[in-house]
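Taken together, the values in this text are just the output of simple stated rules run on the coordinates, not laboratory data. Source: prediction; values computed, not measured. Methodologically, a virtual Cβ is constructed for each residue, glycine included, from the backbone with ideal geometry; neighbour enumeration extends over all protein chains shown.
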Ligand code: S3P
């Protein structure tokens, strides 16, 4: 794979992809792209509006386009939506575009982070630990297929996670020499 200098963050909702991705991009001097924000910009709708008006299938097709566009960049930190890796083609595109890092968190931590937010249609009606665990276990294999490394964000400040990611990226750069 030609090194295009991209870093892709994958992982479940509420694991910190956007917040950590922004800081990581700043630390690396790279552009930050959030595929959900790109979908909202391109469609002129919020993610919730796309789900409510047009359904999940339409959202997933917008998501695929956003991933293709984001992954054609160079020198970017790309934060993806939690369900992006459910699609095989997305997995191939993501893995082909840069280093892939999966952020994780314990179900109770995820619940705590998302509980007062209404911007996640898949957890709109049911934000229970049971629902979160169910979705997590459905997706676990997909995250494993895609990621090179996992970082648990449950008990750390964003800055600490960023430092751990930076150390990992440095170790990979040194490997090449
Ligand atoms: C989704 C996660 C969301 C967003 C959409 C669907 C998912 O992104 O893409 O609501 O299927 O897990 P975040 O992971 O950034 O919340």
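Points worth noting:
- Compactness index (Cα Rg / 2.2 N^0.38 Å), the range 21-91: 1.13
- Between 0 and 90°, nearest 10: helix 17-28 axis offset from the chain longest Cα axis: 20
- Rounded to the nearest 10 degrees, the angle from helix 129-146 to the longest Cα principal axis of the chain is 30 degrees.
- Potential extension, residue 41-residue 3 segment - 0.36 nm per residue separation minus Cα distance: 10.9 nm
- Descending semi-axes in Å of the range 3-140, equivalent ellipsoid built from Cα gyration tensor: 23, 18, 14
- Full extension of the chain segment joining residue 159 with residue 116 gains 13.1 nm, where the gain is 0.36 nm per residue of separation less the Cα-Cα distance.
- Contact order, relative form, for the chain: 33 percent (alpha carbon pairs under 8 Å, 6 or more residues apart, mean separation divided by residue count).
- Neighbour-count order for 4, 116, fewest beta carbons within 10 angstrom listed first: 116, 4
- FRET efficiency estimate (nearest 0.05) - Cβ-Cβ, residue 144 to residue 172, R0 25 angstrom: 0.85
- R0 of 22 Å, Cβ-Cβ distance residue 52-residue 131: FRET efficiency to nearest 0.05: 0.75
- Here 69, 41, 120 are placed in order of increasing Cβ neighbour count within 10 Å, fewest first, which gives 41, 69, 120.
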